[in-house]
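Only one structure is covered here, and it is reproduced in the block below.
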């Protein structure tokens, strides 16, 4: 019987950590993820779990210690946000190239500057090519569920890659929602015990982790990482199927909302999907226009073929980015989706918008205007306002 509870997104992640009871958690506080290690440290102090908590002097050290613990054979994780993740940058690549099944609880927050502590996706999107699996949540329920699936994905023998579980800072991390928790015993059975095959503290198998790779070997390690990321697609779906059998909650690479007969679609990541759903319901109820949503859950590995299939019948598509890429063209999600549609020879008109940077609100009315724009684009075959900012204050 599921446990009904009211928790913030940070509390939900910390509770999942308590249920998993990992071996080691190094962490350094940074808004808005600070509560996660704070709650975990309280669980440890109260004797509820026996995780080894390591107090470090910076986020770089937090990821370094997490890497060391994982390489030694421990189930290890950490949590951070924004500039803290930026300070980990070097170590993110080390963790991925060393094929360590680390889990990072990332509470998305704008990267400075100017200084801003609110939600956007510039931190995780900046690390999108570091070799980490990236899974995003719309709600507190989803971030809890995603976290429970993270270690089984990361530790799978066909994957062995680090996993980043992302949620929007303050919007979900500090917002309280009703959620359903899985019973402790079922979580332990689902996640399982971690029994690494190769690890530094195994005195029967001397080994090195992350040694210097000369040119004759480096390229092969990158190919191996790529193959592991491709394998992760299958494993992510397997774990989602197993989780659905456990809880009844269904997950995949993305969620389709009112897409069965849709002609116009928004593609988006994170908590703003909920606002978009409200706009869709209003538009359909008042006008009958066929609008829908594709909410990306798994950004790495990117589900290119599956996404193109979901969008194949659209007349027009708006891809919504909560992060700039400063490429003078598109945002990171926009670039990926447009490439997928081009590869699939889609005839849909596609526009890329930026929204919510630095925590800027996006409203139901904003999404209604986006859908109205898509209708005009489909009729005229003219894409106007490519790369516009939604809700921008004009002079």
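Between residue 6 and residue 326, how many nm apart are label points set 7 Å from Cα along the C-beta direction?
4.3
Just 119, 16, 79 to compare: in a GNM of the chain, with alpha carbon springs under 10 Å, which one fluctuates most?
16
Where the centroid of each part is defined by its Cα atoms, how far is the range 74-137 from the range 201-244 in Å?
Going from one Cα centre to the other spans 19 Å.
Using a basic spin-label model with each label point 7 Å from the Cα along Cα→Cβ, how many nm lie between residue 183 and residue 208?
The modelled label-to-label distance comes out at 5.0 nm.
With an 8 Å Cα cut-off and a minimum separation of 6 or more residues, compute the relative contact order for the chain in percent.
Taking the mean separation of contacting Cα pairs over the length of the chain, I get 16 percent.
What is the angle, in °, between the Cα long axis of helix 364-380 and the longest principal axis of the Cα atoms in the chain? Nearest 10 is fine, range 0 to 90.
60
Is the range 114-154 rounded, prolate or oblate when judged by the Cα gyration tensor, a ≥ b ≥ c being the square roots of its eigenvalues, rounded requiring a/c under 1.5 and prolate requiring a/b larger than b/c?
oblate
Once you've got the GNM for the chain with C-alpha springs shorter than 10 Å, pick whichever of 362, 269, 153 has the biggest mean-square fluctuation.
Of 362, 269, 153, the most mobile in the Gaussian network model is 362.
Rounded to the nearest 0.05, what FRET efficiency do residue 219 and residue 252 give with R0 = 30 Å and r taken as the Cβ-Cβ distance? Could you check?
0.35
With 10 angstrom as the radius, rank 259, 25 by how many other C-beta atoms surround their C-beta, starting from the fewest.
With the sparsest Cβ surroundings first, the list reads 259, 25.
How many angstrom lie between the C-alpha centres of the range 162-196 and the range 348-395?
33
In the P(r) worked out for the range 307-348, what percent of Cα pairs fall beyond 17 Å?
29
Which of 271, 327 comes first, and how do the rest follow, when ranked by fewest Cβ neighbours within 10 Å?
327, 271
For the chain, find the longest principal axis of its Cα atoms and tell me its angle to the long axis of helix 140-154, 0 to 90°, nearest 10.
Its long axis makes an angle of about 50 degrees.
Pairing the Cα long axis of helix 59-72 with the longest principal axis of the chain, what angle in degrees results, from 0 to 90 and rounded to the nearest 10?
60
May I ask you to derive the FRET efficiency for residue 200 and residue 380 from their Cβ-Cβ distance with R0 = 51 Å, giving the value to the nearest 0.05?
Working from the Cβ atoms, E equals 0.25.
Based on a Kirkwood Rh over C-alpha pairs, give the Stokes-Einstein translational diffusion coefficient of the chain at 4 °C and viscosity 1.567 mPa s in µm²/s.
60
Can you work out the PRE-style zone for residue 306? Point 7 Å along Cα to Cβ, and I want the residues of the range 240-269 with backbone N under 16 Å.
So the set is 240-245, 249-257, 268-269.
P(r) tail for the range 254-380, what percent of Cα pairs lie past 20 Å?
For the range 254-380, the share of Cα pairs beyond 20 Å comes to 37 percent.
When the helix-only estimate is applied to the chain (DSSP H runs of n ≥ 4, each -39,500 (n - 2.57), divided by the residue count), what is the mean residue ellipticity at 222 nm, nearest 500 deg cm²/dmol?
The helix contribution divided over the chain gives -13000 deg cm²/dmol.
Averaging sequence separations of C-alpha pairs under 8 Å and six or more residues apart, then dividing by the length of the range 254-380, give the relative contact order as a whole percent.
Dividing the mean separation by the residue count of the range 254-380 yields 31 percent.
Using alpha carbons only, how many angstrom separate the centre of the range 33-50 from the centre of the range 258-336?
Distance between centres, Cα-based: 37 Å.
Express the relative contact order of the range 257-329 as a whole percentage, based on alpha carbon pairs under 8 Å and six or more residues apart in sequence.
After rounding, I find 47 percent.
Classify the range 94-226 as rounded, prolate or oblate from the Cα gyration tensor: take a ≥ b ≥ c as the square roots of its eigenvalues, call it rounded if a/c is under 1.5, otherwise prolate when a/b beats b/c and oblate if not.
Here the range 94-226 falls in the oblate category.
From the square roots a ≥ b ≥ c of the eigenvalues of the alpha-carbon gyration tensor of the range 41-155, which class results: rounded (a/c under 1.5), prolate (a/b over b/c), or oblate?
rounded
Computed from the coordinates by the stated procedures, all read-outs in this text should not be read as laboratory data. As the structure is a computational prediction, the values presented were derived from the model and not from experiment. Cβ coordinates were reconstructed from backbone atoms using ideal geometry, including for glycine residues, and neighbour counts include every protein chain displayed.
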